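A.B. asks: Here's a structure for you.
The values are calculated or read from the model by the stated rules, or taken from the named source; none is laboratory data. Bear in mind the structure is a predicted one, so any value in this text is a computation, not a measurement. As a convention, Cβ positions derive from the backbone with ideal geometry for all residues, glycine included, and neighbour counts pool all protein chains shown. In case anyone asks, the SASA skips ligands and DNA or RNA and just uses the protein heavy atoms, side chains included. Shrake-Rupley method; radii C 1.70, N 1.55, O 1.52, S 1.80 Å.
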Amino acid sequence: MAGVKDGKATRPYRSTVREENARRTRQAVVRAATQLFVTRGYAATSLADVAAAAGVARPTVFAAFGSKAALLHQVLDEALAGDDEPVPVARRPWFQPVWEATDQGAVLDAYAGVCSLIGHRAAGAFEAVRRAADEAPEVAELWETLLRNRRAGATMVVDHLLTLDGPLRAGAGAGRAVDTLWFYNDPAHYAALVQRCGWTEESFREWLGARMRDALLPG
C-alpha cells in the first residue's frame with residue numbers, strides 16, 4: 001500500500017529548507033522583474049532578462065510563474081500588498097486606521113495615508129502596466145482589473161463613511177463619492193507630485209486628505 005513501509009505509515013516528505021529556498025528564488029525574481037519592468041518596460045523585458053538579473057536560469061523563472069504576464073501580475077500584487085502573503089489589502093495592518101477612524105474626516109485622512117503608501121510602493125509598476133496595456137492583450141486585461149480593484153477600494157471606504165455620523169457634501173451622493181475617491185486613489189498622483197515634482201510624502205498625504213475632504217464632506 002502506498003505510504004506504508006514495514007507495517008508503519010510514512011509521512012510525506014517536506015523540506016522546509018527547500019521551500020524557503022524556493023520562496024527566496026521567487027522573491028529575487030520578483031525584485032528583478034520589478035526593476036526591469038519599471039525601467040525598461042514590459043515589452044522590452046524578456047524572461048531571460050529577468051532570469052539574468054535575478055541570477056537564476058530562465059527555466060526557473062518559467063517554472064515559478066509560467067509566463068511574463070503572470071510574473072507582471074505577481075509584481076503588481078506584491079507592490080500593492082508589500083509582501084507575498086495572501087492577505088487582502090483591506091485586512092492589512094496598514095489599512096486598519098481607515099476602519100478604526102471614528103469620524104468621516106479621519107477616515108479620509110487615513111485613506112490618504114493608504115493611498116500614499118501604495119503610491120510609494122506601486123506607482124512605477126502601475127505605470128508599467130498602463131503603458132504595456134496598449135500593445136499586449138493579456139496586460140490590457142490586467143489593467144482593467146486594476147481599475148476595477150481601485151474602484152472596489154473606493155466603494156469600501158465610501159460604504160464605511162456612510163456608517164458614521166454626518167452627511168456627505170451636497171451633491172456628493174454615494175455614486176459620486178465613489179467616483180471621486182476612485183479618481184484620487186490613482187497612484188499616478190503620487191508619481192506626479194512626489195516622484196516628479198519632489199513633494200515630501202507628508203505633504204502629499206496632507207494634500208490628498210484635504211482634497212478628499214473638500215470633495216466629499218460639508219464645508
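A.B. asks: Name the single residue, out of those in region 171-184 being part of a helix (DSSP H, G or I) and not aromatic (Phe, Trp, Tyr), that is nearest to TYR111 (Cα to Cα).
C.D. replies: LEU181
A.B. asks: Within region 173-182, can one find any residue that is in contact with a His (Cβ under 7 Å, 6 or more places away or on another chain) and open to solvent by 50 Å² or more (accessible area, probe 1.4 Å)?
C.D. replies: No.
A.B. asks: Consider ARG131 against the criteria (1) touching a residue at least 60 places away in the same chain (Cβ under 8 Å); (2) more than 23 Å from ALA32 (Cα to Cα); (3) part of a helix (DSSP H, G or I); (4) of a type in the set (D, E, K, R): it satisfies all of them except one. Which criterion is unmet?
C.D. replies: Answer for ARG131: the failing condition is (2).
A.B. asks: So how many residues does region 186-210 have that are closer than 9 Å to SER116 by Cα and open to solvent by less than 20 Å² (accessible area, probe 1.4 Å)?
C.D. replies: Of the residues in that region, 4 qualify.
A.B. asks: Now, a different point. Could you pull out every one of the helices (runs of 4 or more DSSP H) wholly within region 15-121 that has 2 or more residues that are modelled with pLDDT under 95, open to solvent by less than 20 Å² (accessible area, probe 1.4 Å) and within 27 Å of LEU193 (Cα to Cα)?
C.D. replies: Where helices (runs of 4 or more DSSP H) fall fully within region 15-121 and carry at least 2 residues being modelled with pLDDT under 95, open to solvent by less than 20 Å² (accessible area, probe 1.4 Å) and within 27 Å of LEU193 (Cα to Cα), they are 68-81.
A.B. asks: Let me ask another. Do any residues in region 69-96 that are of a type in the set (A, V, I, L, M) have Cβ atoms under 8 Å from those of residues that are surrounded by 14 or more Cβ atoms within 10 Å (Cβ to Cβ) and outside any helix (DSSP H, G or I), where the two are at least six apart or on different chains, and which pairs are they?
C.D. replies: Within 8 Å, the pairs are ALA69/ALA136; LEU72/TYR42; ALA81/ARG92.
A.B. asks: Name, by its number, the condition in (1) farther than 20 Å from LEU36 by Cα; (2) at pLDDT below 95; (3) open to solvent by 40 Å² or more (accessible area, probe 1.4 Å) that does not hold for ARG151.
C.D. replies: (2)
Let's see how each residue does on (1) part of a helix (DSSP H, G or I); (2) more than 14 Å from the chain's Cα centre (by Cα):
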| position | (1), (2) |
| --- | --- |
| LEU146 | yes, no |
| ALA152 | yes, no |
| ASP159 | yes, yes |
| ARG169 | no, yes |
